[in-house]
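J.: To start, I am sharing the structure in question, which I have written as structure tokens.
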Amino acid sequence: MAGNQNPFAAIFGDDPFGVGGGFSGGGSRQGAPQVEFNTNEEFNKMKDKFATMGKKAMIACAIIAVIVVAVAYWWFHPPINIHSMDTWMFIGIFILLPSFLFFRARAHAYKHGSAKVGVSKAKAKTFDTLAWIPVAVVALVAVGTLLSLSFFPGNAQKYANILVPADDEFTQDIQEVNYDEIPVIDRDSAMLLGNRTMGSMSDLVSQFEIAPTYSQINYQNHPVRVSPLGYADLFKWLQNREQGVPAYVIVDMTSQDAQVVRLDSEHAIKYSESEPLARNIDRYVQLKYPFYMFGEKSFEIDDDGNAWWICPVRDFTIGLFGGETVSRAVLVNAATGECQDVAVEDVPQWVDHVYPANLIIQQYNWHGKYTNGWLNSWLGQNGVVQTTPGTDGSAGYNYIAKDDDVWLYTGVTSATGDESIVGFVLVNQRTAEAHFYSCAGATESSAMQSAEGQVQNLRYEAILINVNNTPTYFMALKDNAGLVKKYAMVDIQSYQNVAVGDTVADTQKSYLSLIAANGTAANTSSVSDSALEATGVIKTIATAVIEGNSHFYVTLEGDSKIYDFALPGMIEIVQYAQGDTVTFKYVEGDPTCSAQSIEAAKSAKANSADAAGASSADTAKASDEAKASDGAAKDDAASSASSDASAEQNTA
């Protein structure tokens with residue numbers, strides 16, 4: 001482009017709109033303003049002015065720079081820690097880059113001289129040397145980054161050992177689900193219920209809004225989601241900041257009840273995310289502990305209903321930025337700002353979230369990928385596993401309540417990421433205690449697709465439960481409005497076994513009937529709490545083979561129900577026949593009731609045979625005794641006759 005020609009004229013022509021004047025300035029209308037700017041020349045002028053500043057000007061600039069850095073630090077509050085990427089970004093932008101430019105400018109001034117600065121090769125060399133300091137710092141950070149990478153010798157094993165799960169048995173470690181405590185809604189549904197409840201609070205809805213936190217916790221041994229209110233905007237903050245946030249929302253994940261818990265002035269939330277200045281929770285805790293690197297915080301309430309912020313302290317154990325874990329936690333009282341700095345092992349029992357979910361997923365993926373070394377993770381991939389992805393490409397994990405803690409669970413699949421799992425892992429979010437359960441089956445997404453085959457146009461989110469010692473996905477089926485319409489249970493190991501019901505109880509009955517009928521229960525000697533007992537004489541008994549499994553269908557005298565004894569679980573049924581008496585546990589179903597276990601059975605025929613056998617034995621015994629008595633009498637008569645004959649001979 002020659003001279004100072006306007007670039008728009010080169011592209012669109014001199015008069016693209018046909019109104020005269022155009023870009024070149026011709027015609028009756030005034031042309032576009034012309035701006036002459038030579039980048040190199042202007043930059044050199046600025047550099048020369050900067051290089052020739054006097055001492056007073058330099059002192060003034062230094063003071064201004066310190067003020068700017070201080071204000072920037074207060075506003076952005078990066079941690080003062082060499083393992084923090086935020087720290088290095090702050091140092092690079094506000095310290096290293098300005099220092100490099102300043103030293104280079106002074107070196108240039110002393111090399112070539114100016115009106116205020118004379119030529120001085122010694123000073124020019126000094127400033128040239130000083131200019132290398134920021135470069136050296138950047139180089140050291142680059143080396144530290146390199147030492148953090150997994151391919152650096154020895155690092156792969158370090159990554160693999162950050163989170164090492166113990167191998168356990170699912171049926172022994174995971175208790176059967178209590179249907180009164182099973183969460184039936186997810187985070188999105190909890191948000192919907194919370195927002196609806198908030199809408200009924202006319203005095204609050206005009207000033208506050210619910211924060212999107214909705215942390216899942218165990219509150220008084222019950223799964224709930226909690227979220228604080230926040231100031232609706234800056235003007236609402238100005239009006240209410242003295243009193244603080246007066247409430248939080250709690251949503252029961254089992255009953256789907258939502259309530260706004262009001263706080264008195266003493267317990268109102270003063271430290272929150274919606275605070276823009278000093279009481280902003282992120283700024284407050286970071287400035288109070290400037291050398292800590294904080295991870296993803298969570299909002300929780302203790303057993304007395306007091307609001308707290310749980311702020312995990314990150315630690316990097318490999319190089320500068322590798323091997324992230326959590327070493328401590330800072331508990332901040334949301335009302336008073338009181339802080340408790342504790343090690344992970346000393347965190348109180350009521351706290352549920354210390355290790356963020358995404359960090360746990362990352363740590364387990366390190367373990368699954370690098371256990372057999374870095375090279376194997378790329379070439380052979382022997383034994384390489386990973387967590388299952390979610391349906392939307394995000395991490396496919398969820399939470400379950402166990403031992404008054406919140407545990408993250410996720411399926412574990414092969415490195416190829418197929419539609420099956422080799423097991424699943426549970427990790428305690430408070431202590432990072434991890435357990436792996438070997439269980440071949442379907443991924444969460446496959447189970448959801450299987451449920452879609454039963455009910456169309458509903459959305460799902462699966463959680464892991466133990467039903468009759470069978471690993472099972474439980475899903476609440478929602479419509480497009482986010483309302484729960486139905487429930488589903490899917491057998492992890494045989495995901496074609498899907499039960500759907502309008503209530504949790506109906507779904508449970510159908511599912512128990514299904515797994516018993518298909519003989520897929522892990523341990524049929526374990527009977528569900530909802531099982532009923534039946535006793536009677538067998539009226540009819542018939543056999544059938546369904547999907548390769550044998551079934552005995554039994555009816556009892558005076559009972560219209562049909563009972564399904566699925567083999568191999570109910571193998572004892574082969575001992576019985578028509579007319580036998582049997583006692584067993586079963587689960588209601590339609591059209592058949594699934595037998596769970598045979599409690600006791602005394603065959604009527606066996607009883608009759610025993611009685612007949614006893615009678616026959618008694619008769620034989622009496623006959624033998626009679627024969628023995630007759631023989632004894634004959635022997636006595638013969639002996640008497642012999643004695644008489646001997647007496648007669650002696651007399652003769």
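The values are calculated or read from the model by the stated rules, or taken from the named source; none is laboratory data. Computed from a predicted model, the values in this text were never measured in an experiment. Cβ coordinates were reconstructed from backbone atoms using ideal geometry, including for glycine residues, and neighbour counts include every protein chain displayed. For the accessible areas, the whole protein counts, side chains as well, though only heavy atoms, and no ligand, DNA or RNA atoms are used. Shrake-Rupley method; radii C 1.70, N 1.55, O 1.52, S 1.80 Å.
J.: Kindly provide the GluC sites (Glu not before Pro) of the range 240-323 that DSSP labels as loop, not H, G, I, E or B, and whose Cβ sees at most 10 other Cβ atoms within 10 Å.
T.: Glu242, Glu266
J.: Evaluate the range 83-181: find the radius of gyration of its Cα atoms, find its Kirkwood radius, and give the ratio Rg to Rh.
T.: Rg divided by Rh gives 1.46.
J.: Please report the carbon-and-sulfur percent of the accessible area for the range 238-385; probe 1.4 Å, protein heavy atoms only, DNA, RNA and ligands left out.
T.: Here it works out to 47 percent.
J.: Let me ask another. Heavy-atom accessible area of Asp128 with all protein chains present, probe 1.4 Å, nearest 10 Å²?
T.: 30
J.: How far apart, in nanometres, would the label points at Leu97 and Lys539 be if each is projected 7 angstrom from Cα along the Cα-to-Cβ direction?
T.: My value for the distance between the label points is 8.7 nm.
J.: Let me ask something additional. Would you mind computing, in nm to one decimal, how far apart the modelled labels at Leu375 and Glu557 are, each placed 7 Å from Cα along Cα→Cβ?
T.: 7.7
J.: Calculate the FRET efficiency for Ser438 and Met89 from the Cβ-Cβ distance with a Förster distance of 56 Å, rounded to the nearest 0.05.
T.: Computed FRET efficiency for Ser438 and Met89 comes out at 0.80.
J.: Given a 1.4 angstrom probe, what's the average accessible area per residue across the range 57-104, in square angstrom?
T.: Roughly 64 Å² per residue, with all protein chains present.
J.: Please give the residues of the range 320-346, grouped as numeric ranges, whose backbone N is less than 19 Å from a label point set 7 Å along the Cα-to-Cβ vector of Leu140.
T.: Under 19 Å, as judged by backbone N against the label point of Leu140, lie 320-322 of the range 320-346.
J.: Further question: Round to a whole angstrom and tell me the spacing of the C-alpha centers of the range 340-370 and the range 532-570.
T.: That distance is 50 Å.
J.: Another question, if that's okay. Using a 1.4 angstrom probe and counting only protein chains, how large is the accessible area of Met85 in Å², to 10?
T.: About 100 Å², rounded to the nearest 10.
J.: Return the subset of Lys55/Lys125; Lys297/Lys478; Lys478/Lys561 for which the Cα-Cα distance in this structure is over 31 Å, preserving the input order.
T.: Table pairs above 31 Å Cα-Cα are Lys478/Lys561.
J.: Set Lys and Arg Cβ to +1 and Asp and Glu Cβ to -1, take the dipole of the range 66-172 about its Cα centre, and tell me which of Ile80, Ala105, Thr171 lies farthest positive.
T.: It is Ala105.
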